[in-house]
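The values are calculated or read from the model by the stated rules, or taken from the named source; none is laboratory data. Being a predicted model, the structure only gives us computed values, none of them experimental. Counting neighbours? That spans all protein chains shown, and the Cβs are built from the backbone with ideal geometry, glycine included. The protein model used for the area step is the full one, side chains on, heavy atoms only, and it has no ligands, DNA or RNA in it. Shrake-Rupley method; radii C 1.70, N 1.55, O 1.52, S 1.80 Å.
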Amino acid sequence: MTSTAPEKAVPDTAPTPPSAVELSIGGMTCASCAARIEKKLNRMDGVTATVNYATEKAKVSYTDGIDVADLIATVEKTGYTAEEPPPPASATADGGDGEAAPAADGELLSLRQRLYVSLVLTVPVVLMAMVPALQFDNWQWLSLTLAAPVVVWGAFPFHKAAWTNARHGAATMDTLVSIGTLAALGWSVWALFWGHAGMPGMRHGFEFTISRGDGSSSIYLEAAAGVTTFILAGRYLEAKSKRKAGAALRALLELGAKDVAVLRGGKEVRIAVAQLAVGDRFVVRPGEKVATDGTVVEGSSAVDASMLTGESVPVDVTVGDSVTGATVNAGGRLVVEATRVGADTQLARMAKLVEDAQNGKAEVQRLADRISSVFVPVVILLALGTLLTWLFVTGDATAAFTAAVAVLIIACPCALGLATPTALMVGTGRGAQLGILIKGPEVLESTRRVDTVVLDKTGTVTTGRMQLQDVFPAPGTDKDELLRLAGALEHASEHPIAQAIAAGAADRVGNLPVPENFENVAGLGVQGVVDGHAVLVGREKLLKEWVIDLPQELADAKAAAEAEGRTAVAVAWDGEARGVLTVADAVKETSAAAVAELRALGLKPVLLTGDNQLVAESVARSVGIDEVIAEVLPEDKVDVVKRLQSEGRSVAMVGDGVNDAAALATADLGLAMGTGTDAAIEAGDLTLVRGDLRVAADAIRLSRRTLATIKGNLFWAFGYNVAALPLAAAGMLNPMIAGAAMAFSSVFVVTNSLRLRSFK
């Protein structure tokens, strides 16, 4: 067993930029848009910028002589929108998201409407084109009526993006979608009005021959409408995942108390937390959240800080001790003097850590976008070259246009549009059955590279709840009697350790008697009368105050338990020590098997926790982990992940608490336990719904399998284009056969994706 202490963050000695701003960017449709904006901003003198496509934000630092208006103007000249986020007060009031949530909801609603309407209109168009038996007289005009709104209105976002890109000399997938669908529609309109396709009785049969033919009697409305609908489906799925980008920050901010009882002139006055000032004294009753960071000036209690620090054992606090905002008072009444408020609190700093981690995490560009950055211009040039060559060689405008349209139709990215969404839909559907949620295709790349998995202890490897472990009765003391009397007295206490003992005792011996003369001894334990016995339960110091010493057997049991990181509680009655009870955060039954499965995947497990070294090493031994990093503050968890990454490791992080959210966002792959907090779940790339650590191994296997399927789909989709484009350019494929080949490639991609349903 090796133990590694966390490295302290090295102070940044580099000069800080004079000014910095975060801009909200609108109008981006793919990762290449973010790269283009970033490139334009960085070309400005004295400007350093990073643009994140997923969060739609740009972090910009700039020197004197440049103001925010100049930055916004540069973004707008590039073809996108930019604006400053709302002021801090406004952001805090609405959960940190301002107007972003309604705007994102509107975008999602618009996409959903376009998808559903396009789907309803496209299905009959495709069926009529592909099934000759459904082709009645003048069916082609009904197809035009149905397909035109899909290509014009449904695909409008693609046309708009293509026009924007064209104005700035760029081409993306939107360009190919726009040109392909408009070309197919335009050719069909020409064939219907000026060719032979509009004649009554026209039939649209399949002829699987490679020959030069007259395309004036063929229409390709099913290709235009089908491509639009497929690509809309993929874009809708992408927008849904992007909508959640800021949810981790909202979850963090919502953790804090909303109002607080402040002492003014000796009376309690309820005010909003935002109105608290440093030096104000406020009251925290049992069960309430601590409003802000401060120092206890009156009272004593146990504070549950597990949501922020990862410590499984509640911390006893009394006068002079520090408490942190958003922790929960689990015991008595406290009066706290505020020492930090607003953006200076630990909770606010953690929210900032998550935001920085998310913004600084480079998004992997979609494979299709990367390839089509070259593929799209090549196809467009090839189509134009085909048109001009045929006109020059043959002088036949119909043959030239037929060959050029065949090039565009055969290259139209129907299979490309299906490659990622179909595999993702099937993979995520199967994952949901297994308790795994995959947020998007960009997550899958990370699963292939990870070689180290960092496991948070509390709530991930362990249950996160205190439980009664061992019972050590003194010689001559009945174990059940020990549990019955100690459990009865502890049942009257609100302390989490007391509640764990009471629950464990009730489970083992049944109903517990009601104590009399119960008294809570601050910081030491409880005392009272149970069934006529004067009972003491608590620290050894409590017994010593009553001149009761632990016999050697009990002292040894207590020392052994504490050496394993457990909490030992002494019990005495009628002037004699009667036993020792141990309480600990129990290890999940499946954790050892999960660690073994992760090792089998080639991953090195590391246990990371805010708990003390003894507790961490005890848990690590029980599940088979060799590397332990303990006593780590929330800020240090991010530093530990970064340090492992600096050593050349690709790090996956598994956690469930708010204290894990920033580390989950910083890691190459974040796996959030579904039993944890919303902040952790939203910051993670994969969510393990069942809360079983074994699912982490299943998630990585499924993600790798899904990624392999997507890559296979893309390979065959592009491969078919590469093989068919020369035939189309040579006039050896009429557009109808090109459309049939495109349909076949789509069927292949869907069938290949459906194999993921058999994943076990």
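Some values worked out for this structure:
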| read-out | value |
| --- | --- |
| 10 Å beta-carbon shell around V273, net charge (K/R +1, D/E -1) | +1 |
| Local electrostatic count at E519 - Lys and Arg +1, Asp and Glu -1, tallied over other residues with Cβ under 14 Å | -4 |
| Where the Cα pairs of segment 37-78 fall when distances are cut into 5 Å bins, in % | 5, 24, 39, 23, 7, 2, 0 |
| Phi-based couplings in Hz for segment 320-332 (Karplus 6.51, -1.76, 1.60; Gly and Pro marked x) | x, 7, 8, 10, 10, x, 5, 6, 10, 6, 9, x, x |
| Ranked order, D137, D668 - accessible area, probe 1.4 Å, largest first | D137, D668 |
| Amide H partners (placed H, <5 Å) of G670, local residues excluded | M653, D685, L686 |
| Long pairs among K604/K760; K457/K541; K479/K558; K479/K588, criterion Cα-Cα beyond 18 Å | K604/K760; K457/K541; K479/K588 |
| Kirkwood hydrodynamic radius over Cα pairs of segment 542-604, then Stokes diffusion coefficient at 4 °C and 1.567 mPa s, in µm²/s | 91 |
| Gyration tensor (alpha-carbon) shape descriptor, segment 105-153, a/c threshold 1.5 | prolate |
| ³J(HN,Hα), Karplus 6.51/-1.76/1.60, whole Hz, each residue of segment 35-45, x for Gly, Pro | 5, 5, 5, 4, 5, 5, 5, 5, 6, 6, 4 |
| Other-chain or far-sequence residues with amide H under 5 Å of G565's (modelled H) | none |
| 15 Å beta-carbon shell around T164, net charge (K/R +1, D/E -1) | +3 |
| Accessible surface, per residue, of segment 419-571 when the full set of protein chains is kept, probe 1.4 Å, Å² | 43 |
| Exposure of E76 as accessible area (Å², to 10), given a probe of 1.4 Å and all protein chains | 100 |
| Amide H contacts of D316 (H built 1.01 Å from N, under 5 Å, at least 5 apart or other chain) | V303 |
| Gyration tensor verdict on segment 439-541 (Cα atoms; rounded if a/c is under 1.5, prolate if a/b is larger than b/c, oblate otherwise) | prolate |
| Two-decimal log10 I(q)/I(0) for segment 260-344, as the Debye equation yields it once each C-alpha is a single scatterer, q = 0.21, 0.26 Å⁻¹ | -0.91, -1.36 |
| Segment 577-585 - phi-based ³J(HN,Hα) in whole Hz, Karplus 6.51/-1.76/1.60, Gly and Pro as x | 6, 10, x, 10, 10, 10, 10, 7, 6 |
